[in-house]
Amino acid sequence: MFKSIFLEIITFLLKRLDLSQISKLGKFVGLLIWYFVPSRRTLAIKNIKMHLNKTEKEARQLAFRNFLNTGRSFVEIFYNLKVDFRFLHKYVSIENREILEQIRNTSRPVVAVTAHLGAWELLSGLMAVFFYNKKPTQIVIREPDDDVINDIVKRLRSNYIHEILPRDNSALKISSCLKKGGICAFLVDHNCGRRKAVFLPFLREIAAVNFGPALMAIRTRALVFPIFLVRIHNLNYKMYVHKPLDVNELKGDMKTKIKYVCEFYTKTVEKMVYKYPDQWYWMHNRWRTKPK
């Protein structure tokens, strides 16, 4: 009971912060993780050295900047429900806006794919802005193990248009949304178990890539739409909108199509990580699951 009340009070206070205060608090959180969670610091430095071919000094410097960015990403969840058209016009520039308009106006189902890169929590809020009165929208997340934290996180991510779904056991709801011409968003850069994986090269090492989004896209004949929100400087953000993949144009059997779609979104994430290496989630053990 005390834990629940304490977390609700903290949530209430943090939701009252403006974007500048959120940014400063996020950097402070990143510093705390850097200095007080040495296992994550060591893992991030090791990952950067290995997958970006950096020296120890270069990897450590990049990892430090990365922790500041990641801290901001964590705390930005408390600003998510404030994201609106004013936020969009004031803080966000969009690359390939015409593609975004195409996705907004299409009657086709859309599987949106993104990564733990840049300001992924704010991207959730922006999706509500873009697709309000246009498409039913779902966001698929990995739920925290703690029920109290999970409830708070779900409320912070649930906008006036979103349906937040757990990563597991939501296939029927996702399929129903897509068959109605809706959009369902997935984070596709996390590690997964062998049963859910296609093994593909990612940042110079074989990684387990979750084929669930690919399978959903193929079954519902959806467009696969990569979208990312990264920080440019201070409080400014840039949205990268990539040309979608039309699964109706794919040839071959189901296994071949699934692999092709997984390669498509994995390579897209990889390009964005190379472009913004200090904004990806390096403290995650991305390559933990190995092929047999």
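The values are calculated or read from the model by the stated rules, or taken from the named source; none is laboratory data. Quick caveat, the model's predicted, so the values are computed rather than measured. Virtual Cβ from ideal backbone geometry, glycine too; neighbours counted across all protein chains shown.
Restricted to segment 139-178, and to residues that are part of a strand (DSSP E or B) and at pLDDT 80 or above, which residue is surrounded by the fewest Cβ atoms within 10 Å (Cβ to Cβ)? Ranking the qualifying residues of segment 139-178, first place goes to P166.
Touching a Leu at 6+ places or on another chain (Cβ under 9 Å) and either surrounded by fewer than 22 Cβ atoms within 10 Å (Cβ to Cβ) or closer than 23 Å to F67 by Cα (or both), is that true of Y240? Judged against the criteria, Y240 is a match. Here I103 meets each of (1) within 20 Å of G182 (Cα to Cα); (2) crowded, with 23+ Cβ neighbours inside 10 Å; (3) among the β-branched types (V, I, T) with one exception, condition (2).
Applying the condition of being acidic (D, E) and touching a residue at least 12 places away in the same chain (Cβ under 8 Å) to segment 56-100 and asking which residue is surrounded by the most Cβ atoms within 10 Å (Cβ to Cβ) yields E76. Hey, does segment 143-152 have a residue that's closer than 14 Å to Y79 by Cα and in contact with a helix residue (DSSP H, G or I) (Cβ under 9 Å, 6 or more places away or on another chain)? Yes, segment 143-152 has at least one match.
The residues of segment 179-201 that are modelled with pLDDT under 95, in contact with a helix residue (DSSP H, G or I) (Cβ under 9 Å, 6 or more places away or on another chain) and surrounded by fewer than 15 Cβ atoms within 10 Å (Cβ to Cβ) amount to a single one, K179. Quick check, is T268 out of contact with any strand residue (DSSP E or B) (no Cβ under 6 Å at 6 or more places or on another chain) and at pLDDT 95 or above? No, not satisfied.
Screening segment 215-237 for residues that are without any contact (Cβ under 8 Å) to a residue 60 or more places away in the chain and part of a helix (DSSP H, G or I) and picking the one that is surrounded by the most Cβ atoms within 10 Å (Cβ to Cβ) gives I218. Against the conditions (1) farther than 30 Å from S23 by Cα; (2) crowded, with 22+ Cβ neighbours inside 10 Å; (3) touching a Leu at 6+ places or on another chain (Cβ under 7 Å); (4) of a type outside the set (S, T, Y), Q279 satisfies every one except (1). Residues in segment 1-52 that are polar (S, T, N, Q) and in contact (Cβ under 8 Å) with a residue 40 or more places away in the chain were compared, and the one that is nearest to E270 (Cα to Cα) is N47.
Taken as a whole, the structure leaves Y265 outside the set of residues that are assigned to a strand (DSSP E or B) and either in contact (Cβ under 8 Å) with a residue 40 or more places away in the chain or among the basic types (K, R) (or both). Selection within segment 100-157: residues that are of a type in the set (S, T, N, Q) and over 19 Å from the mean Cα position of the chain (by Cα). The member of this set that is farthest from V269 (Cα to Cα) is N133.
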